[in-house]
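K.L.:
Have a look at the structure that comes next, please.
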């Protein structure tokens, strides 16, 4: 899977995408992540990418020229849909992550800032808008990381055991419910004991117990 990220803060991705599972997935060539600075495409002498909104109002709006040129440039290398991370988008779910991981080998993620982007770009170059929740962030960088993480872990080989994500919370196997409680050693910790059923060795009973604990 190839991800191309368009942002005005490329360094915001350094720590998260270069650690742990995502770092290993890139090293093993299971995923590719390419980050592009939208400012590099601005024709303004000061590399400006925002301006005041027509009609008045507070805040700034990302201007169409650098967005158009950066998206057009990336689309020459990435044929996947352009996804705009936006509070107005459809809520991102596990089901959506599954669909994207199966349907596409390439995705372009656009991170907005300020009050958003010029509507003309949304009307002509954006294929889909995704939100990670009903709240507003300062930009699309965190939602982009969330989207990449959720999709990447569904790609075969990224997580050691495929069963790990097949039975995740909100997975189809768990009927889109929240996962059951987990326990590990020691059996007793500060007087709190592991449910006896989990140490019984009766797999069918354990399965039924876990199903009863789905929320």
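Each value in this text was obtained by applying a stated rule to the coordinates, not by laboratory testing. Since we're looking at a predicted model, the values are computed, not measured. Note that we place each Cβ from the backbone using ideal geometry, even for glycine, and neighbour counts take in every protein chain shown.
K.L.:
Take the Cα gyration tensor of region 50-117, multiply each eigenvalue by 5, square-root it, and list the three semi-axes largest first, rounded to whole angstrom.
P.N.:
Equivalent ellipsoid of region 50-117: 27, 17, 6 Å, largest first.
K.L.:
Next question, about the same structure. If R₀ is 25 angstrom, what is the calculated FRET efficiency for the pair residue 102 and residue 175, using the beta carbon separation as r and rounding to 0.05?
P.N.:
With a Förster radius of 25 Å, E is 0.85.
K.L.:
Rounded to the nearest angstrom and ordered from largest down, what semi-axes does the equivalent ellipsoid of the chain get from its C-alpha gyration tensor (root of 5λ)?
P.N.:
41, 18, 16
K.L.:
Another question, if that's okay. So how far apart, in nm, are the two label points at residue 18 and residue 211 if each is 7 Å from Cα heading toward Cβ?
P.N.:
4.8
K.L.:
Sticking with this one: Pull out the extension gain between residue 51 and residue 72, defined as 0.36 nm times the separation in residues minus the alpha carbon to alpha carbon distance; nm, one decimal.
P.N.:
Difference between extended and current length: 5.5 nm.
K.L.:
Mind checking the angle between helix 64-75 and the chain's longest principal axis? C-alpha axes, 0 to 90 degrees, to the nearest 10.
P.N.:
60
K.L.:
On a full-extension model of 0.36 nm per residue, what is the gain between residue 183 and residue 202, subtracting their alpha-carbon distance, rounded to one decimal in nm?
P.N.:
Full extension of this stretch gives 5.2 nm more.
K.L.:
Between residue 194 and residue 26, 0.36 nm times their residue separation minus their Cα-Cα distance comes to what?
P.N.:
56.7 nm
K.L.:
Determine the equivalent ellipsoid of region 2-104 by diagonalising the alpha-carbon gyration tensor, then write out the semi-axes as square roots of 5 times the eigenvalues, largest first, rounded to whole Å.
P.N.:
Whole-Å semi-axes of the equivalent ellipsoid: 28, 18, 14.
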